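> Dropping the structure in here first, questions after.
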Amino acid sequence: MNNTGYSVSDYRPENLIVVHDDLDLEAGTVRVKVGGGAGGHNGLRSIIGTLGNDFVRVRIGIGRPPAGVTVTDYVLSRMDSVVEDTIPRAADAVEFLVEHGPEAAMNRFNVRV
């Protein structure tokens, strides 16, 4: 995971959709974004280091860890059911992105439900 940049090095950023967890989004949230930084995410840091940041992301909110739990332990722990239930919506976002493009996907998925 932390060396994902190597795995995608043959792709052009404009042809890439990265689906990833995001601590800064409330658990169960799905958002579409183009560009941006790594936000502490090692996998994104690796991709950005290899390709730059001009790729589309489907961000799946996992929320922040509870008090006393490290970020590493939190992201490596069993997936919360709220997050697991979000996966079909994230898959819908990817399909919509492919069919309609990033701007339309952001307009559809970046709204509060």
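Bear in mind these aren't lab numbers, they're just calculated from the coordinates by the rules spelled out. Keep in mind that this is a model prediction, so the values were computed, not measured. Counting neighbours? That spans all protein chains shown, and the Cβs are built from the backbone with ideal geometry, glycine included.
> Taking the residues in the range 55-71 that are among the aliphatic types (A, V, I, L, M) and farther than 16 Å from Ala105 by Cβ as candidates, determine which candidate is surrounded by the most Cβ atoms within 10 Å (Cβ to Cβ).
Selected residue: Ile62.
> Here is a further query. Would you please name the residue that is surrounded by the fewest Cβ atoms within 10 Å (Cβ to Cβ), looking only at residues in the range 75-96 that are touching a residue at least 40 places away in the same chain (Cβ under 8 Å) and in a loop (DSSP other than H, G, I, E, B)?
Asp85
> In the set Ser77, Ser81, Ser46, which member is closer than 21 Å to Asn3 by Cβ and of a type in the set (Gly, Ala, Ser)?
Within the list Ser77, Ser81, Ser46, the selection yields Ser46.
> Here's something else I'd like to know. Can we say Tyr6 is without any contact (Cβ under 8 Å) to a residue 60 or more places away in the chain, touching a Leu at 6+ places or on another chain (Cβ under 9 Å) and more than 23 Å from Ala105 (Cβ to Cβ)?
Answer is no for this residue.
> Something else now. Scan the range 24-51 residue by residue and report those that are over 18 Å from Leu97 (Cα atoms), in contact with a helix residue (DSSP H, G or I) (Cβ under 7 Å, 6 or more places away or on another chain) and not in a helix (DSSP H, G or I).
Answer for the range 24-51, where residues must be over 18 Å from Leu97 (Cα atoms), in contact with a helix residue (DSSP H, G or I) (Cβ under 7 Å, 6 or more places away or on another chain) and not in a helix (DSSP H, G or I): Ala27, Gly28, Ala38.
> Identify, by number, the condition in (1) over 22 Å from His41 (Cβ atoms); (2) in contact (Cβ under 8 Å) with a residue 12 or more places away in the chain; (3) not in a helix (DSSP H, G or I) that Ile60 doesn't meet.
(1)
> Select from the range 31-43 the residues that are within 19 Å of Tyr74 (Cβ to Cβ) and in contact (Cβ under 8 Å) with a residue 40 or more places away in the chain and write down the one among them that is surrounded by the most Cβ atoms within 10 Å (Cβ to Cβ).
Going through the qualifying residues, I end up with Gly43.
> Same structure, new question: Does Asp54 qualify as being closer than 22 Å to Val98 by Cα, in a loop (DSSP other than H, G, I, E, B) and touching a residue at least 24 places away in the same chain (Cβ under 8 Å)?
In short, yes.
> Can I ask one more? Go through Ser81, Ser46 for me and flag whichever is among the hydroxyl-bearing types (Ser, Thr, Tyr) and over 16 Å from the mean Cα position of the chain (by Cα).
Ser81
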